[in-house]
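Below is one structure, written out as structure tokens, with a few remarks after it.
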Amino acid sequence: MKTEQVDVLVIGAGPSGTVAASIIKKAGYNVKIVEKLKFPRFVIGESLLPRCMEALTDAGFIEAVKAKGFQQKFGAKFVKDGKVCDYLFANQFTPGWNSTWQVPRAEFDSTLATECERMGIPVSYETTVTGIQFNGTDSVTTVEDINGNKSQIEAKFIVDGSGYGRVIPKLFNMERPSNLPPRKTLFSHFVDTKRSMDEEPNRITIIVHKPGIWIWVIPFSSGVTSLGFVGEPSFFEQYQGNDDEVLEQLIASQPYIAERFKNAEKKFNARKLESWSATTDKFYGDGFVLTGNVTEFLDPVFSSGVTLATVSSQVAAKLVIKKLKGEAIDWQTEYTDVMMQGVDTFRSYVMAWYDGTLDTIFFADEPDLEIKNMICSVLAGYVWDTTNPYVKDHRTALTKLAKMIKLRDKMKESAAQ
């Protein structure tokens, strides 16, 4: 059986894997990527956050992505019953990037992977990991290509950025259920001839459809828009027909969406994802680190997936480099605790979105602009800035704010009577 040797094996050629591979390669190490699928391939998670830009810059990807002409994103717009709440990243509390992109992931991910190859990192597509044996931090990984040819890769360390594939967690029985309830999405891409640049110039739009049910509208620079409905699986059961017929009924049930996408051409048949939330026992072990969705995927509502993927890989790659240099690493403190700060902050906002707390905050009359800018930083992905009270106290700050708004409104109502 053919055997090759590398310093670091990276599993997965998505944003998580490619960011890690590039940073490690730039430090002078021999890196190889294995990817189960053929690129380009479709994947969800099409709206980036500004915090991603720091990781993409660190990896040397910014110029290549900029050259693709993707739709710029300067904020997020939330809509409910005619009320609009706009968050502009330029107003965020945390210093940092104030723009990013909305991207068809097939093209975006291929761009990053191609850049890795340009840097001299070999990428083996349609190659599946079938087994891994660890000897301390050294490992031997058995892979199989699309033709059934098996080979082995000896590595000093493995970065598992395999996303939903969750290679190492599945091989070593590390998968655990998330504490978030199961949810489902039904979506497609549409030729969007009725997009108004005045209403939606450069941002994602989130529409509250019903309590706990929301719609994403993500326009791309190509004139195509990604449109999806998200909610509890039981919500979709009230509709009859196949996925395309159900999506058509959902579109017809929301006036703005119905008008905008009436008779719009679908680029592909409706697709669905459900019960996506998952986590794992631990984020690292002797000879490996998990990055991106392999660690924990929460929910698409705040576009946290690619941010957690790229930032976790940025952090992990630098620790792998230190490890290869023989430096001592406290993986719990320097990696897991850091990443859980971000994951837990996003989790609090996801839960507050679905229980209605953020409805109260987002659509309040006369919002406190200073607080709004602090929340904007979270929506921009700066969930590691603990100087921001709405990051540091994420478990309680939103609940307290919503209670204050409700009390204020009740007092105003009483005074008016």
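The values are calculated or read from the model by the stated rules, or taken from the named source; none is laboratory data. Since this is a predicted model, take the numbers as computed values, not measurements. Using ideal geometry, Cβ is built from the backbone for each residue, glycine included, and neighbour counts are taken over all protein chains shown.
List of remarks:
- Any hit, the range 405-415, residues being buried (at least 20 other Cβ atoms within 10 Å of the Cβ) and of a type in the set (G, A, S): no
- Restricting the range 128-162 to residues that are over 23 Å from T310 (Cα atoms) and of a type in the set (A, V, I, L, M, F, W, C), the residue that is surrounded by the fewest Cβ atoms within 10 Å (Cβ to Cβ): I146
- Yes/no for S234 being surrounded by fewer than 15 Cβ atoms within 10 Å (Cβ to Cβ), closer than 29 Å to D359 by Cβ, without any contact (Cβ under 8 Å) to a residue 24 or more places away in the chain and within 25 Å of the chain's Cα centre (by Cα): yes
- Which numbered condition K266 misses (of (1) crowded, with 17+ Cβ neighbours inside 10 Å; (2) modelled with pLDDT of 95 or more; (3) in contact with a Ser or Thr (Cβ under 7 Å, 6 or more places away or on another chain)): (1)
- Selection from the range 13-43 of residues that are without any contact (Cβ under 8 Å) to a residue 40 or more places away in the chain and either crowded, with 24+ Cβ neighbours inside 10 Å or out of contact with any Asp or Glu (no Cβ under 7 Å at 6 or more places or on another chain) (or both): G28
- Residue list for the range 372-392, restricted to those being surrounded by fewer than 18 Cβ atoms within 10 Å (Cβ to Cβ) and outside any loop (DSSP other than H, G, I, E, B): P389, K392
- Looking across the range 90-112, the residues that are in contact (Cβ under 8 Å) with a residue 60 or more places away in the chain, in contact with a Phe, Trp or Tyr (Cβ under 6 Å, 6 or more places away or on another chain), surrounded by 18 or more Cβ atoms within 10 Å (Cβ to Cβ) and of a type in the set (A, V, I, L, M, F, W, C) come down to V103, L112.
- The set of residues in the range 178-234 that are charged (D, E, K, R), more than 15 Å from F78 (Cα to Cα) and outside any strand (DSSP E or B) comprises R183, D192, K194, R195, D198, E232.
- Number of the exception - Q254 against (1) surrounded by 13 or more Cβ atoms within 10 Å (Cβ to Cβ); (2) free of Cβ contacts under 8 Å to residues at least 24 places away in the same chain: (2)
- Residues of the range 306-321 that are among the hydrophobic types (A, V, I, L, M, F, W, C) and closer than 12 Å to G45 by Cα: V306, L308, A309.
- Options F283, F229; residue that is touching a Leu at 6+ places or on another chain (Cβ under 6 Å), closer than 25 Å to E175 by Cβ and buried (at least 17 other Cβ atoms within 10 Å of the Cβ): F283
- Taking the listed residues L308, L273, the one that is assigned to a strand (DSSP E or B) and either polar (S, T, N, Q) or under 30 Å from V159 (Cβ atoms) (or both) is L273, with no other qualifying.
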